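Reading through the structure tokens given below for one structure.
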Protein chains: 2
Amino acid sequence: MKTSFSYKEIKEKGYKITRQREIVFDILRKANMHLSADEIYIKAKSRNPGIGLTTIYRTLEMLYNLGYVNKYDFGEGRARYELNDTMVETCKHHHHLVCLRCNRVIDYTDFVPQETELITKAISGISRKYGFKVQTHIIQFYGICKECQKRKK
Amino acid sequence: MKTSFSYKEIKEKGYKITRQREIVFDILRKANMHLSADEIYIKAKSRNPGIGLTTIYRTLEMLYNLGYVNKYDFGEGRARYELNDTMVETCKHHHHLVCLRCNRVIDYTDFVPQETELITKAISGISRKYGFKVQTHIIQFYGICKECQKRKK
DNA sequence: CTTTATGCAAAACGTTTGCATCGAG
DNA sequence: CTCGATGCAAACGTTTTGCATAAAG
């Protein structure tokens with residue numbers, strides 16, 4: 001299991017390792033939540049006040065292209081990023097419960113063993129029928145969280 | 001199976017039925033694809049040139065709150081909407097294969113019978129453990145489509 | 001009549017781009 | 001040295017908001 005970025009792989013693809021990129025890498029590695037570009041920017045500025053938001057976006061794009069981060073949309077009008085579970089051992093594979101009322105996101109990890117099997121089966125079916133090569137998948141459940149149900153209208 | 005909007009339900013929630021809303025309803029009902037707000041706007045203008053884009057957004061928001069439409073993000077920087085499969089019989093429940101290179105979206109309907117069972121099981125588990133009331137779910141597979149694999153770099 | 005919906009213009013927002021400069025390799 | 005990376009400001013495209021007017025119920 002990979003626990004850190006492959007600097008070698010990054011360099012091979014023609015990317016350079018910079019102080020700014022290392023900071024973004026590190027923030028993602030230590031985050032145990034899905035961060036928005038802006039949240040990463042705030043955190044990064046405390047370590048390097050001169051860093052630009054543009055650099056955050058470009059670094060995230062690079063990592064996304066390398067397949068190191070997942071990009072999510074939870075309906076807030078901005079993207080959230082998270083290191084791929086192949087990158088950090090502490091980040092277990094999981095899915096999300098998104099509350100439609102308060103936008104809270106709950107990580108869901110209670111997989112029935114069936115799930116992996118089913119997904120694997122689906123991926124090979126997709127490959128066979130559509131010639132589509134699957135890299136990642138997301139499963140999201142939308143609904144109303146416990147708290148919002150209480151203070152219901 | 002519901003095949004049209006419940007005007008009664010809409011009125012009960014305090015919404016009014018207007019010419020503009022009926023047009024948007026109808027466009028969604030006839031669409032066999034995920035439409036963006038702008039695409040709906042173009043279509044709507046041919047029937048009512050005076051209609052405003054704002055109205056499209058507000059109608060979509062209403063339908064989303066009513067749970068009549070699903071809202072998707074395929075990474076294009078804008079949302080796409082589609083009537084919920086409970087609303088239109090021609091719109092079968094499906095998931096999406098999103099090509100990371102060309103952004104094409106393929107509808108995926110080949111469910112193994114296991115899937116429904118698994119999702120049902122997951123939903124009741126989620127309800128039990130988190131008290132979260134699931135309304136919809138999305139499953140999306142990201143990868144490279146057949147065509148993009150051919151013209152590979 | 002009362003209340004919600006509309007259309008317009010302007011604002012807001014996240015994200016991207018052009019460009020001169022900087023720094024990694 | 002060279003080429004990619006950076007930071008800034010400006011541009012972009014989508015979505016939202018304020019407000020006066022229009023229309024639904």
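Every number here is computed from the coordinates shown, using simple stated rules; none is lab data. The model shown is predicted, which means the values in this text are computed figures rather than measured ones. Here the Cβ positions follow ideal geometry from the backbone for every residue, glycine too, while neighbour counts run over all protein chains shown.
Looking only at the range A:76-104, count every residue that is assigned to a loop (DSSP other than H, G, I, E, B), away from every other protein chain (no Cβ under 11 Å) and within 16 Å of DNA strand D (Cβ to nearest atom) and tell me the total. Of the residues in the range A:76-104, 2 are assigned to a loop (DSSP other than H, G, I, E, B), away from every other protein chain (no Cβ under 11 Å) and within 16 Å of DNA strand D (Cβ to nearest atom).
Summed over the range B:8-44, the residues that are within 15 Å of residue B:83 (Cβ to Cβ) and within 11 Å of DNA strand D (Cβ to nearest atom) give a count of 8. Within the range B:44-60, the set of residues being more than 10 Å from DNA strand C (Cβ to nearest atom) and either within 14 Å of chain A (Cβ to nearest Cβ) or aromatic (Phe, Trp, Tyr) (or both) comprises just one member, B:60. Say whether the condition of being away from DNA strand D (no atom under 14 Å from the Cβ), under 26 Å from residue A:76 (Cβ atoms) and buried (at least 18 other Cβ atoms within 10 Å of the Cβ) is met by at least one residue in the range B:61-68. Among the residues of the range B:61-68, at least one is away from DNA strand D (no atom under 14 Å from the Cβ), under 26 Å from residue A:76 (Cβ atoms) and buried (at least 18 other Cβ atoms within 10 Å of the Cβ), which makes the answer yes.
If you scan the range A:14-43, which residues turn out to be of a type in the set (D, E, K, R) and away from DNA strand C (no atom under 12 Å from the Cβ)?
From the range A:14-43, those of a type in the set (D, E, K, R) are A:16, A:19, A:21-22, A:26, A:29-30, A:38-39, A:43; that's our starting set.
Of everything in the range A:14-43, those that are of a type in the set (D, E, K, R) and away from DNA strand C (no atom under 12 Å from the Cβ) turn out to be A:26, A:29, A:30, A:43.
Filtered by the rule that a residue be assigned to a helix (DSSP H, G or I), more than 8 Å from chain B (Cβ to nearest Cβ) and more than 19 Å from residue B:136 (Cα to Cα), the range A:105-152 gives A:113, A:116, A:117, A:120, A:124, A:127, A:128, A:150.
Quick check on the range B:76-90: of everything there that is crowded, with 16+ Cβ neighbours inside 10 Å and closer than 26 Å to residue B:147 by Cα, which residue is farthest from the chain's Cα centre (by Cα)? Per the criteria, the residue is B:79.
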